[in-house]
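The values are calculated or read from the model by the stated rules, or taken from the named source; none is laboratory data. Because the structure is predicted, anything quoted here is derived from the model rather than measured. A quick note on method: Cβ atoms are made from the backbone with ideal geometry, for glycine too, and the neighbour counts reach across all protein chains shown. For accessibility, only protein heavy atoms count, side chains too; no ligands or nucleic acids. Shrake-Rupley method; radii C 1.70, N 1.55, O 1.52, S 1.80 Å.
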Amino acid sequence: MSMLTSNRHLKNLVIRATDGEIGTIDQLYFDDQIWAVRYLTVNTTNWLDGRKVLISPLSILQTDWNAGRIDVSLTRKQVENAPGIDTHKPVSRQHEAEYFGYYGYPYYWDGPYMWGPSYFPTAQPPLMSRENALADRIKTQSTDSHLRSTEAVSGYQIDAKDGEIGHVDCFLIDDEAWAIRYLEVATKNWWPGKKVLLSPAWVERVSWEESKVFVAVTREAIQTCPEYLDTVPIDREYENRLYFHYGRPPYWVEEVSHAAAYAAIGR
């Protein structure tokens with residue numbers, strides 16, 4: 001079973017290339033439709049004049065929690081010469097195609113699963129040749145990659161079917177699939193002190209204009225769900241109780257069917 005960790009615990013972890021450190025994690029960019037973490041935004045501090053660079057989970061070799069470090073299969077020179085992306089603006093599919101073409105990565109949007117041809121970023125087939133990747137860039141791509149930062153969405157109001165229930169406090173991330181498995185919701189303005197978890201699969205839509213996340217569950221269901229204690233590690237027993245309470249299939253059972261559904265709509 002993979003580990004679920006808060007995006008807050010990932011912040012400031014060191015990113016180490018094959019020939020030295022690159023910088024520290026600042027925030028994460030996730031896909032608001034499939035809820036996968038597509039990029040780590042890395043602050044290069046004194047290197048590269050402190051500019052931020054994007055690192056894809058496709059390059060991650062291992063996460064060393066004891067050392068507070070993530071090792072990637074890149075060189076510092078590769079990162080230095082990578083196409084620049086303005087992290088203060090929405091990331092377009094064209095920018096992503098250029099980025100993936102530079103590294104020779106297979107496009108995650110060209111396959112039926114969360115990471116394109118596979119469920120996990122570490123289970124990719126051999127990298128595409130750079131020529132093929134560049135040729136694929138001329139294909140018509142969506143102008144919006146639906147990428148949002150965890151920092152921007154933290155604090156968004158959560159609206160259930162019948163009204164407000166609280167706000168997004170942080171995100172719980174699977175460190176193997178690099179997927180957001182849960183939104184941690186603070187309900188202190190409704191139930192003092194209680195926190196709950198909601199699956200992204202129950203999110204109907206995210207409104208960037210209203211700074212809201214709309215979920216397809218009722219306030220009563222949320223009020224009576226198993227409480228989440230951020231001081232206690234999440235285990236499969238707790239997850240089973242959570243999904244049983246809502247009467248919804250868990251992500252580890254339904255992953256195949258969800259992947260097929262995304263493929264059917266051309267994601």
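Structure notes:
- Along each principal axis, taking the top coordinate minus the bottom one, the Cα set of the stretch 1-58 gives 33, 24, 21 Å in descending order.
- The figure for residue 49 is an accessible area of roughly 150 square angstrom, using a 1.4 Å probe on the protein chains alone.
- Shown here for the stretch 48-105: GluC sites (Glu not before Pro) in loop regions (DSSP other than H, G, I, E, B) with at most 13 other Cβ atoms within 10 Å, of which there are none.
- Each residue of the stretch 55-69 was assigned a 3J(HN,Hα) from its phi angle through the Karplus expression (A = 6.51, B = -1.76, C = 1.60, θ = phi - 60°), giving 10, 7, x, 4, 9, 6, 8, 6, 10, 9, 5, 5, 8, x, 8 Hz with x at Gly and Pro.
- Too-long pairs where the Cα-Cα distance tops 21 Å, listed order kept, from 161/212; 161/194; 161/195; 161/188; 89/195; 11/52: 89/195
- At an R0 of 51 angstrom, the distance between the Cβ atoms of residue 162 and residue 82 translates into a FRET efficiency of 0.65.
- Placing pseudo-labels 7 Å out from each Cα toward the beta carbon at residue 227 and residue 45 gives an inter-label distance of 3.9 nm.
- Residues with amide H under 5 Å from that of residue 156, placed H, sequence gap 5 or more: 168
- Between residue 110 and residue 190, the modelled labels are 4.3 nm apart [label points 7 Å from Cα along Cα→Cβ].
- A Förster radius of 45 Å, combined with the Cβ-Cβ distance separating residue 11 from residue 220, puts the computed FRET efficiency at roughly 0.85.
- Once all protein chains are placed together, residue 19 keeps about 90 Å² accessible to a 1.4 angstrom probe.
- Using a Förster distance of 22 Å, the FRET efficiency for residue 89-residue 207 (Cβ separation, nearest 0.05): 0.70
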